[in-house]
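Taking it in order: structure first as structure tokens, then the write-up.
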Amino acid sequence: ANFSEQVVESFPSDISTGIYYGWACVGNGDVHKMVLSIGWNPFYKNIKKSVETHIIHTFKEDFYGEILSIVIVGYIRPEKNFDSL
């Protein structure tokens, strides 16, 4: 689940890029484990950050337009570029 540019711009400017872990909730649903990537987006020529949430749960349907609430608990590692799979 990607956050909009508006939401990303409201994140603290001093938050480090990288991979984080925590908890996520879609709408009024259950709370699930998640990992979060905060990083420079090549689509925007690396001048804008993107924030992508990966919820550790299989949903029965898409949840576009729902409110996504997250709690960041900790930091895993810095942002990395990979040359291959």
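The values are calculated or read from the model by the stated rules, or taken from the named source; none is laboratory data. It should be emphasised that the depicted structure is a prediction, and the values quoted were computed from it without experimental measurement. Glycine gets a Cβ as well: all are built from the backbone with ideal geometry, and neighbour counts include every protein chain shown. These accessible areas exclude ligands, DNA and RNA; they are computed on the full protein's heavy atoms, side chains included. Shrake-Rupley method; radii C 1.70, N 1.55, O 1.52, S 1.80 Å.
Before moving on, here are some points about what is shown:
- Top-ranked residue in the range 1-55 [being of a type in the set (D, E, K, R) and not in a strand (DSSP E or B); ranked as farthest from Ile72 (Cα to Cα)]: Lys45
- Residue, farthest from Ile38 (Cα to Cα), within the range 58-69, restricted to residues that are aromatic (Phe, Trp, Tyr) and touching a residue at least 24 places away in the same chain (Cβ under 8 Å): Phe59
- A Cβ distance below 6 Å, combined with a sequence gap of six or more or placement on separate chains, defines the contacts here; from the range 30-56, residues that are over 13 Å from Val8 (Cα atoms) reach residues that are of a type outside the set (A, V, I, L, M) and outside any strand (DSSP E or B) in the pairs His32/His57.
- Counted residues, the range 43-64 - those being surrounded by fewer than 10 Cβ atoms within 10 Å (Cβ to Cβ) and either at pLDDT below 85 or touching a Ser or Thr at 6+ places or on another chain (Cβ under 9 Å) (or both): 3
- Verdict on Glu5 being acidic (Asp, Glu) and open to solvent by 70 Å² or more (accessible area, probe 1.4 Å): yes
- Residue list for the range 23-40, filter: more than 14 Å from the chain's Cα centre (by Cα) and open to solvent by 100 Å² or more (accessible area, probe 1.4 Å): Asn28, Asp30
- Filter pass, Ile72 being in contact with a His (Cβ under 8 Å, 6 or more places away or on another chain), of a type in the set (A, V, I, L, M, F, W, C) and touching a residue at least 24 places away in the same chain (Cβ under 8 Å): no
- Those residues of the range 65-85 which are surrounded by 10 or more Cβ atoms within 10 Å (Cβ to Cβ) and either in a strand (DSSP E or B) or among the small types (Gly, Ala, Ser) (or both), in sequence order: Leu68, Ser69, Ile70, Val71, Ile72, Val73, Tyr75, Ile76
- The criterion of being touching a residue at least 12 places away in the same chain (Cβ under 8 Å), of a type in the set (Phe, Trp, Tyr) and surrounded by 15 or more Cβ atoms within 10 Å (Cβ to Cβ) holds for Tyr20.
- Subset of the range 40-85 (residues that are under 12 Å from Ile19 (Cα atoms) and of a type in the set (A, V, I, L, M)): Val51, Ile72, Val73, Ile76
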